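Participant: Before anything else, here's the structure in question.
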Amino acid sequence: MAKALVVVESPAKAKTINKYLGRDYKVIASMGHVRDLPKSKLGVDIEGGFQPEYVVLPDRQKVIKELKDAAKTAEHVYVATDPDREGEAIGWHLVEELSPAQRKKVRRLMFNEITRKAILEAVEHPGEIDRRMVDAQQARRVLDRLVGYKISPILWNKVRRGLSAGRVQSVALKLICDRENEIEAFVPEEYWHITARLAGPEPPEFDARLVRKGDAAARIGNEAEAKAVLEEIASADFVVSSVQTKERRRHAVPPFITSKLQQASRFPVKRTMMVAQQLYEGIQLPDEDAPVGLITYMRTDSVRVSDQALDEVRAHIREQYGEAYVPERPNRYRIKASAQDAHEAIRPTSMKYHPDRIKPYLTPDQYYLYRLIWNRFVASQMTPATFDDTTVDITAGEYTFRAKGSVPKFPGWLAVYGQTTEADEAERVERTGPAAAEQEEEPATGVLPPLEAGQTLAVREIKPEQKFTQPPPRYNEGSLVKALEENGIGRPSTYAQIIGVLQAREYVTKVDGRFRPTVLGRRLVERLLYPVFDDLLDVEYTARMEDQLDQIEKGRADYRETLQAFYDKFEKDLARAEDQMPSYKEGLPTGETCDKCGQGEMVEKAGRFGIFLACSRYPECDNTRELDQAEAATDELEETCENCGRPMVARRGRFGMFLACTGYPECRTTRKIIATKQGVAAARPDQLLEETCPECGKNLVVKQGRFGEFTACSGYPACKYVKHKTTGVRCPKDGGEIVERKSRRGKAFYGCVNYPKCDFTLWNRPVPEPCPKCGWAFLTEKITKRWGRQLICANEECDYVRSAELEATTANA
């Protein structure tokens with residue numbers, strides 16, 4: 001019989017820990033929270049000091065019974081839930097269901113990684129449940145319940161059932177709406193770049209951009225000004241006025257915290273956290289008798305790393321890369337004042353589990369994320385990369401052109417990433433504020449020839465280029481997480497849920513991977529919530545509430561006082577909302593006369609599919625119109641059916657708007673409506689080709705899909721052949737041809753034609769040229785702003801790189 005009972009959240013975690021502890025321990029999984037506030041009522045005693053009224057979740061009754069039965073005979077009961085507020089609260093709820101006598105046996109196990117050593121050390125040094133952490137979690141839960149259960153009924157009464165207003169989700173939605181307002185209010189400003197293509201005594205040719213006129217910055221606002229500059233420099237000599245070379249150090253970025261991992265991952269936030277959870281809870285490896293937790297706890301906002309882990313990674317760097325790559329002292333990174341610092345940064349639990357060594361035992365998603373975490377951690381403890389940066393100023397009359405070049409001197413931490421873009425992406429994620437924008441405006445950095453002051457350069461071409469300032473981009477998942485983090489809104493563990501709710505409630509839609517608020521979302525923020533709950537939607541106010549929760553956890557703020565201070569103001573806002581919040585059930589006047597009856601006024605109303613316009617004289621007049629911009633724009637589409645010649649009209653289906661023939665049901669022709677940069681447009685009709693399908697012999701047809709035009713068999717769905725753009729390169733796995741494909745987000749990538757039987761893929765375009773260094777069958781083409789066009793060996797173990805731009809320039813010289 002087991003002497004001790006250990007309680008965790010998930011079966012996977014239970015399985016791993018059970019194998020470490022052996023027969024004397026029984027490990028059971030609670031399957032998450034076992035108690036929560038009731039769904040049928042508020043469940044908070046406001047007058048009694050905001051005491052929550054918890055109930056056992058119906059599907060956790062069996063878990064509670066198993067826990068009580070096992071606790072009767074166990075000598076010790078160990079709570080081994082996750083080491084954060086949520087985990088502490090889950091453990092406390094479990095203990096509250098035990099009898100007073102059983103509670104005396106309870107101790108808390110804290111560990112940052114699920115490894116044999118960490119688990120056994122935790123058992124040797126058990127602690128107590130931290131009631132302050134529990135209070136902080138309860139305060140968050142009660143705040144969210146008060147906001148949700150007090151505001152939602154008002155929204156149901158004023159708009160329709162199913163709407164909700166979360167304490168943090170509403171602020172996130174306001175960020176998205178504010179960004180949309182910025183985009184709509186943005187007025188592009190014209191400006192011009194003038195770039196000179198120059199040649200020195202030795203190749204390669206290079207570009208230099210106009211930067212100054214006299215002592216002032218050169219600012220060209222229109223074509224006339226650009227032509228005036230071109231006339232002035234047409235006969236001028238381009239003379240090198242200065243050449244400055246200095247060493248630049250590029251320091252490594254810190255190891256991952258949760259939010260940075262979510263931003264750096266190519267997966268959506270929810271999927272990133274799901275895969276990270278799998279890596280944390282344990283993967284079965286062939287040399288181990290139990291599943292191994294490969295990474296430390298993945299919900300953290302601290303960049304701290306244990307001394308033992310630092311010693312281990314420094315030894316790995318020394319062995320793998322050499323002494324020159326190991327800094328004299330371990331790199332230490334500044335921890336934000338708002339960080340809880342309860343856990344380490346996200347890192348591998350052991351350096352013996354190299355990603356490539358255990359790749360066969362991981363899913364592709366697990367391998368990708370584990371490799372991302374591994375590389376980031378190893379790189380964070382390496383020496384800086386150094387470059388010789390050269391800045392060349394060239395005078396042409398009173399104008400100054402500038403060219404910049406950079407030559408790698410010592411790879412440092414970049415050696416971990418080789419030729420991949422992960423290093424640049426890591427730095428991009430770490431940059432905040434205007435730093436990223438400033439980098440975009442820097443003159444292009446490329447390969448420069450040897451130059452000296454006083455040299456006269458040959459002018460190959462002077463190219464004026466018209467530009468326009470761009471509006472701020474819409475948020476994608478990564479940039480929204482970054483904005484939430486920088487403003488102190490929510491916690492990394494809640495970001496995935498916030499994003500999920502916004503989409504599920506149809507407050508936002510995704511356009512090319514970026515969030516655009518729906519009309520419903522914008523009306524919710526701008527007309528319903530913000531006029532009466534302005535503080536709830538205020539970024540600084542929400543950040544202060546997050547800080548108050550942190551203070552409760554640290555014992556510096558009182559649970560009841562914090563909630564009472566919030567509720568005093570909130571209660572007054574609720575009363576104001578009942579009186580002042582407009583009613584979409586009655587209809588909001590727009591001042592627009594009905595275009596059908598000419599008597600009624602078009603009013604905004606709420607329906608199943610969001611906000612729409614309807615005539616105020618309904619039911620006498622049934623005129624309605626879509627209000628959503630993308631859908632309303634379909635009214636302007638004038639298309640004729642290619643099969644019967646009748647007009648086509650916009651209809652709404654379960655997958656959005658589409659065009660249908662007015663001759664239905666005799667004619668069932670439909671066409672997709674696609675989004676373009678200019679607005680919406682009807683997809684072109686299918687074009688039948690003379691070319692036949694190699695699989696069934698029927699004609700091929702050009703069709704319009706989610707990611708643009710593609711060629712497929714006209715016999716679909718009986719024949720599912722799709723013709724792909726070929727590259728002339730054979731797959732190294734099965735010999736099939738590598739073809740161009742499109743990702744879910746419309747980005748081009750290259751994969752084997754035999755997918756899904758073969759899963760070989762590349763992001764860079766393969767080039768049918770063998771590697772001169774290792775003999776690999778093909779190279780890949782990579783184009784960046786910094787290095788231009790490069791040809792890189794596709795073999796990950798080979799470091800061959802060739803500048804195709806330099807090669808072409810040399811050939812022309």
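The values are calculated or read from the model by the stated rules, or taken from the named source; none is laboratory data. Bear in mind the structure is a predicted one, so any value in this text is a computation, not a measurement. Cβ placement follows ideal geometry from the backbone for every residue including glycine, while neighbour counts extend to all protein chains displayed. Quick note on the areas: whole protein, heavy atoms, side chains included, nothing else; ligands and nucleic acids left out. Shrake-Rupley method; radii C 1.70, N 1.55, O 1.52, S 1.80 Å.
Participant: For the ranges 241-253, 83-95, what's the packing order if you count other beta-carbon atoms within 10 Å of each residue, average per peptide, and put the highest first? Kindly include the intermediate steps, with their values, before the conclusion.
Facilitator: Details: 241-253: 14.4, 83-95: 22.8.
Order by mean packing, descending: 83-95, 241-253.
Participant: Could you grab the relative contact order for the chain? Cα pairs under 8 Å, six or more apart, rounded to a whole percent. Show your work: numbers first, answer last.
Facilitator: Numbers: 1435 pairs, mean separation 91.6, N = 813.
RCO, the chain: 11 percent.
Participant: What does the helix-only formula give at 222 nm for the chain: each DSSP H stretch with n ≥ 4 adding -39500 (n - 2.57), the total divided by the residues, and the result rounded to the nearest 500 deg cm²/dmol? Please list the in-between numbers first.
Facilitator: On the way: 22 runs with 255 residues, N = 813.
That calculation yields -9500 deg cm²/dmol at 222 nm.
Participant: Among Tyr495, Leu484, Phe515, whose Cα projects farthest towards the positive end of the dipole of the stretch 456-604, with charges put on the beta-carbon of Lys, Arg (+1) and Asp, Glu (-1)?
Facilitator: Result: Phe515, furthest along the dipole toward the positive end.
Participant: Considering amide H positions built from the backbone, and no H for Pro or chain starts, which residues 5 or more places from Val77, or on another chain, come under 5 Å of its amide H?
Facilitator: Leu5, Val106, Arg107
Participant: Would you please put 268-279, 558-569 in order of how densely packed they are, using the mean number of other Cβ atoms within 10 angstrom per residue and starting with the highest? Don't skip to the end; give the middle numbers.
Facilitator: Numbers: 268-279: 20.5, 558-569: 15.9.
Sorting 268-279, 558-569 by mean packing, highest first, produces 268-279, 558-569.
Participant: Convex hull over the alpha-carbon atoms of the stretch 25-135: what's its volume per residue in Å³?
Facilitator: Values: hull volume 12.4 nm³, N = 111.
Once divided by residue count, the hull of the stretch 25-135 is 112 Å³.
Participant: Could you check what % of the DSSP bridge pairs in the stretch 1-146 are antiparallel, to the nearest 5? Please list the in-between numbers first.
Facilitator: On the way: 5 of 17 bridges.
Bridges in the stretch 1-146 are about 30 percent antiparallel.
Participant: Set the bar at 32 Å for Cα to Cα. Now go through Lys260/Lys463; Lys336/Lys467; Lys65/Lys482; Lys174/Lys585; Lys698/Lys747; Lys72/Lys150 and name every pair that lies beyond it.
Facilitator: Values: Lys260/Lys463 40 Å; Lys336/Lys467 39 Å; Lys65/Lys482 43 Å; Lys174/Lys585 23 Å; Lys698/Lys747 30 Å; Lys72/Lys150 42 Å.
Long pairs (Cα-Cα over 32 Å): Lys260/Lys463; Lys336/Lys467; Lys65/Lys482; Lys72/Lys150.
Participant: I've got another one for you. If you average 1/r over every pair of different alpha-carbon atoms in the stretch 89-159 and take one over that average, what Kirkwood value in Å do you get? Mind showing how you got there, number by number?
Facilitator: Numbers: mean 1/r = 0.0659 Å⁻¹.
Roughly 15.2 Å, rounded to one decimal.
Participant: Order these peptides, 117-129, 254-266, 394-406, 24-36, by their mean beta-carbon neighbour count within 10 angstrom, highest first.
Facilitator: Values: 117-129: 14.5, 254-266: 24.2, 394-406: 19.7, 24-36: 17.8.
Going by the mean number of other Cβ atoms within 10 Å, highest first, we get 254-266, 394-406, 24-36, 117-129.
Participant: Nearest 20 debye, what's the magnitude of the dipole of the stretch 43-199 about its Cα centre given +1 on Lys and Arg Cβ and -1 on Asp and Glu Cβ? Don't skip to the end; give the middle numbers.
Facilitator: Numbers: 26 positive and 26 negative charges, 115 e Å.
Dipole magnitude for the stretch 43-199 comes out near 560 debye.
Participant: Can you give me the long-range amide H partners of Tyr721? Hydrogens built in the peptide plane at 1.01 Å from N, cutoff under 5 Å, separation of 5 or more residues or another chain.
Facilitator: The list, which skips near neighbours in sequence, is Cys713.
Participant: ³J(HN,Hα) across the stretch 226-231 via Karplus (A = 6.51, B = -1.76, C = 1.60, θ = phi - 60°), whole Hz, x for Gly/Pro?
Facilitator: 5, 5, 5, 5, 4, 5
Participant: I would also like to ask the following. Once phi is turned into ³J(HN,Hα) by the Karplus curve 6.51 cos²θ - 1.76 cosθ + 1.60 with θ = phi - 60°, what whole-Hz value does each residue of the stretch 512-527 show in order, with x for glycine and proline?
Facilitator: Once rounded to whole Hz, the list reads 6, x, 10, 7, 10, x, 6, 4, 4, x, 5, 5, 4, 6, 7, 10.
Participant: Also: Can you put Thr640, Thr780 in order of accessible area, largest first, using a 1.4 Å probe?
Facilitator: Values: Thr640 80, Thr780 10 Å².
Accessible-area ranking of Thr640, Thr780, largest first: Thr640, Thr780.
Participant: Show me, for the stretch 726-733, the HN-Hα J-couplings you get by feeding each phi into the Karplus relation (A = 6.51, B = -1.76, C = 1.60, θ = phi - 60°), rounded to Hz, glycine and proline as x.
Facilitator: These are the phi-based 3J(HN,Hα) values: 8, 10, x, 10, 8, 5, x, 8 Hz.
Participant: Right, here's the next one. When only DSSP loop residues count, what GluC sites (Glu not before Pro) in the stretch 277-367 have their Cβ near at most 14 other Cβ atoms within 10 Å?
Facilitator: On the way: sites: Glu281, Glu288, Glu312, Glu319, Glu323, Glu328, Glu344; in loops: Glu288, Glu328, Glu344.
Answer by residue number: Glu288, Glu328.
Participant: Mind ranking Asp799, Asp130 by accessible surface for me, highest first, 1.4 Å probe? Write down the numbers at each step before the final one.
Facilitator: Details: Asp799 105, Asp130 45 Å².
Largest accessible area first, the residues go Asp799, Asp130.
Participant: Still on this structure: What number comes out for accessible area per residue over the chain if the probe is 1.4 Å? Units Å², please. Write out the running numbers ahead of the final one.
Facilitator: Numbers: 41550 Å² over 813 residues.
Roughly 51 Å² per residue, with all protein chains present.
Participant: If you don't mind, another one. Using every alpha carbon pair in the stretch 458-589, what percent of pairs falls into each 5 Å bin from 0 up to the bin containing the largest distance?
Facilitator: All Cα pairs, binned at 5 Å, distribute as 2, 8, 12, 15, 17, 14, 11, 7, 4, 3, 2, 2, 1, 1, 1, 0 percent.
Participant: Return the long-range amide H neighbours of Glu601 (sequence gap of 5 or more, or a different chain), with a cut-off of under 5 Å between placed amide H atoms.
Facilitator: Cys594, Ser616, Arg617
Participant: On each of the three principal axes of the Cα atoms of the stretch 555-611, give max minus min coordinate, whole Å, ordered largest first.
Facilitator: 65, 23, 14
Participant: Would you kindly give the portion of the calculated P(r) for the stretch 317-384 that falls above 14 Å, as a percent of all Cα pairs? Spell out each step's value before the answer.
Facilitator: Values: 1524 of 2278 pairs.
That tail contains 67 percent of the Cα-Cα pairs.
Participant: Between the stretch 18-38 and the stretch 145-209, how far is it from one alpha carbon centroid to the other, in angstrom?
Facilitator: Between the Cα centre of the stretch 18-38 and that of the stretch 145-209, the gap is 43 Å.
Participant: With all protein chains present, how much of the accessible area of the chain (probe radius 1.4 Å) comes from carbon and sulfur, to the nearest whole percent? Don't skip to the answer; put the middle values down first.
Facilitator: Numbers: 19960 of 41550 Å².
Here it works out to 48 percent.
Participant: What distance in nm separates the two pseudo spin-label positions at Lys352 and Arg23, each 7 Å out from Cα along the beta-carbon direction?
Facilitator: 2.6 nm
Participant: The stretch 99-227: Rg/Rh from Cα coordinates, Kirkwood Rh? Can you show the working numbers first?
Facilitator: Details: Rg = 31.6 Å, Rh = 23.3 Å.
Checking Rg against Rh, the ratio lands at 1.36.
Participant: Using Stokes-Einstein with the Kirkwood hydrodynamic radius over Cα pairs, what translational diffusion coefficient do you get for the chain at 37 °C and a viscosity of 0.692 mPa s, in µm²/s rounded to a whole number? Walk me through the intermediate numbers first.
Facilitator: Values: Rh = 31.6 Å.
The estimated diffusion coefficient comes to 104 µm²/s.
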